[in-house]
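Beneath this line is the structure, given in structure tokens, with notes to follow.
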Amino acid sequence: MHAKNFEFDKKEIKLHVGDTVKLTLENTDGVHGLEVPDFNVNIKNGETATFTVDKAGTYDFNCSVQCGSGHDNMTGQIIVE
Ligand SMILES: [Cu+2]
């Protein structure tokens, strides 16, 4: 996943129940974090989180660093089917 001022390059990540995800954050512009509260994920630039999605649903992710005027728009969803 790449982040810049002020968006993530993916607004939607589609997965299947049981998938194990490896999510790496790379900031191409600005300082951002990536948080997926439902999976206790909160990573900074260059970090990787690995987690398994074991329940169907829609889970929000967002930027976890107060990065500036566009911060509130830095959101997306993980959709598990
Ligand atoms: Cu931000």
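What follows draws every value from the coordinates through simple rules; no lab data is involved. Predicted model only: the values in this text are computed from it and were never measured. Every residue, glycine among them, receives a Cβ derived from its backbone with ideal geometry; neighbour counts consider all protein chains shown.
In whole percent, what relative contact order does the chain give with Cα contacts below 8 Å and a gap of six or more residues? Before the final figure, lay out the partial values.
On the way: 191 pairs, mean separation 30.4, N = 81.
Once normalised by length, the contact order is 38 percent.
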Label-to-label distance, nm, for residues given as Ala56 and Glu12 (7 Å Cα→Cβ offset): 1.7
Relative intensity, log₁₀ I(q)/I(0), of the stretch 29-75 from a Debye sum that treats every alpha carbon as a point, q = 0.16, 0.30 Å⁻¹: -0.47, -1.18
Cross-link reach list, aspartates and glutamates versus Lys10, counting only Cα pairs under 20 Å and skipping chain neighbours closer than eight places: Asp19, Glu26, Asp29, Glu35, Asp38, Glu47, Asp60, Asp72, Glu81
Amide proton proximity set for Gly33, modelled H, under 5 Å, gap of 5+: Ser64, Val65
Nearest-0.05 FRET efficiency for Glu47 and Glu81, computed from C-beta distance (R0 35 Å): 0.85
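Once you have the alpha carbon radius of gyration of the chain, what is it after dividing by 2.2 N^0.38 Å, with N set to its residue count? Display every interim value, and only then the final one.
Details: Rg = 12.0 Å, N = 81, 2.2 N^0.38 = 11.7 Å.
Cα Rg divided by the expected 2.2 N^0.38 Å: 1.03.
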